[in-house]
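Following: one structure in structure tokens, then a few remarks.
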Amino acid sequence: MAFRSTSDDGLERDRFAELALLGAVFGNEKENNEVLDDVDDEIDFRLFQLGMEFLRAVRRGRYSDVERIAHSGFNVNFLHPMHGKGALHDIAYGGSKRLLRAFLRADGIDFLIPDKSGRYASEIASIHNRDRVIARFLRMRERIQARRDDVELPHFDEPR
């Protein structure tokens, strides 16, 4: 299912995907495969657009947009294709506790995704933001997930 962001009522279903699926039921197989390939490309592009909108909302500190997108079922672990940073990295860098609270309400957060430079969110918070509370909280969540997933974490100096 593809999503389109709208200015009025948040997210709405994409009619193009619904029509293509109806065509798949009633049309011939060759045309259906072409239509479904187009739908897949359209869905991928729209999910990419939603991911970029989500990262912009985080960077600009738009709490309501972050909360809306995070609770829509969107994969909040989306990484910027060029910068290699996700929303959690940007929140750690900026140090907004309000944005962090909105983000933490989403399902499926992966605290063990490093940015392009190999740094986890807790390390970014301790180095760039100097917020000990956020850095320690993120490090705690990283340790919990690492224990659960049986992953060894790299060691770096924690804020004092």
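The values are calculated or read from the model by the stated rules, or taken from the named source; none is laboratory data. Since the structure is predicted, the reported quantities are computational estimates derived from the model, not experimental observations. Heads up, the Cβs are rebuilt from the backbone with ideal geometry, glycines too, and the neighbour counts pull from every protein chain shown. Please note that ligands, DNA and RNA were not included when accessible areas were found on the heavy atoms of the full protein model with its side chains. Shrake-Rupley method; radii C 1.70, N 1.55, O 1.52, S 1.80 Å.
Kindly provide the set of residues from the range 128-155 that are of a type outside the set (A, V, I, L, M) and either within 23 Å of Lys97 (Cβ to Cβ) or surrounded by 15 or more Cβ atoms within 10 Å (Cβ to Cβ) (or both), ordered by number.
Of all residues in the range 128-155, those of a type outside the set (A, V, I, L, M) come to 128-132, 136-137, 139, 141-143, 145, 147-150, 152, 154-155.
The answer is His128, Asn129, Arg130, Asp131, Arg132, Arg136, Phe137, Arg139, Arg141, Glu142, Arg143, Gln145.
Quickly run through the range 113-127 and pick out the residues that are aliphatic (A, V, I, L, M), at pLDDT 90 or above and open to solvent by 30 Å² or more (accessible area, probe 1.4 Å).
Ile113
Would it be correct to say that Asp157 is part of a loop (DSSP other than H, G, I, E, B) and at pLDDT below 90?
Values: part of a loop (DSSP other than H, G, I, E, B): yes; at pLDDT below 90: yes.
Judged against the criteria, Asp157 is a match.
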